[in-house]
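Report on the following structure.
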DNA sequence: ATCAGCACCTGTTGGC
DNA sequence: TGCCAACAGGTGCTGA
């Protein structure tokens, strides 16, 4: 599932690939991919990509008109660029997708493509999403307000974290996943940060000691930065804008390792469900 | 206001 | 081997 490091990797790749291109056509193959709160999506036609960035887990495509196309990949969404005459994108098994730049496709060009921007130069940005959970939303105005995402996990400071946690009774793991408080942290990195900080996922957010807060902040930033350096984690089927998987899944310490020995102390990693999400931790290391 | 629980989806997995 | 139910999960919405 794309979280902050994966979205950051995709955004950087897209910025290099599509900045300056002008939209000639928009293809919508699955209507609900366009968020119900979106401005009319056909307003994209004629607009030009100014830059691509990230807010929380949203890929933010800034346009020269001042509008913004926000894309949320949810679990299985992917954004890939195909240039005229090249087939940059590959499918889940690594096979190249057909080159669709020569002529108009009559139907969705690959099985899971839901949405695409077709550029005047013949290239296209395709949004594919097997489970149809991902959304695109054209925003005219204040992006931060529209998306309701809290402070970015990489911009979080000690004082902010302390204030956010104060008196909160929710579990720290659940808290980390609340995008309205902190933006960008998903299930994988919440598990990993808590393991590295040696904080038990069920601990009440407001009950962390000062030392635990310090460790959590340090380890959250460290794991996110390391994952960006590895171009993200390809646990399920994530690929970046060039269709390449990440490498960080090899460095995960608890996520997906239920029953396997803790890398610190050899105690079997435990899996529980918190807030209806798989939660992995070492019962010996994390307090 | 806050929070738990379900709906949204379909490819993959595990059990029989 | 083949079939099918259960499962995975981020967020929006609903109802408590």
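Just so you know, all these numbers are worked out from the coordinates, no wet-lab data involved. Worth saying up front: this structure is predicted, and the values here are computed from it rather than measured. For neighbour counting, all protein chains shown are included, and Cβ atoms are generated from backbone atoms with ideal geometry for every residue, glycine included.
In terms of overall dimensions, chain A has a Cα radius of gyration and Dmax of 19.9, 61 angstrom.
With the convex hull of its Cα atoms as the shape, the stretch A:207-253 has an orientation-averaged projected area of 4.1 nm².
Once a ≥ b ≥ c are taken as the square roots of the eigenvalues of the Cα gyration tensor of the stretch A:151-281, is the result rounded (a/c under 1.5), prolate (a/b larger than b/c) or oblate (a/b not larger than b/c)? Before the final figure, lay out the partial values.
Numbers: a/c = 1.75, a/b = 1.25, b/c = 1.40.
Oblate is the answer for the stretch A:151-281, as a/c is 1.5 or above yet b/c matches or exceeds a/b.
Treating the angle as unsigned and between 0 and 90°, give the value, to the nearest 10°, between the Cα long axis of helix A:4-18 and the longest Cα principal axis of chain A. Relative to chain A, helix A:4-18 is tipped by roughly 20 degrees. On full extension, the segment bounded by residue A:28 and residue A:133 gains 36.3 nm, given 0.36 nm per residue less the C-alpha separation. DSSP finds beta bridges in chain A, and of those with both partners inside it, around 95 percent are antiparallel. A convex hull fitted around the alpha carbon atoms of the stretch A:131-208 yields 114 Å³ per residue.
Peptide packing for A:253-265, A:222-234 was compared via the average number of neighbouring C-beta atoms within 10 Å per residue; ordered from the highest value, the list is A:222-234, A:253-265.
What share of the DSSP beta bridges in the stretch A:151-281 is antiparallel, in percent to the nearest 5? Walk me through the numbers on the way to the answer.
Details: 7 of 9 bridges.
Roughly 80 percent of the DSSP beta bridges within the stretch A:151-281 come out antiparallel.
For the pair the stretch A:241-287 and the stretch A:217-234, the centres of their Cα atoms are 14 angstrom apart.
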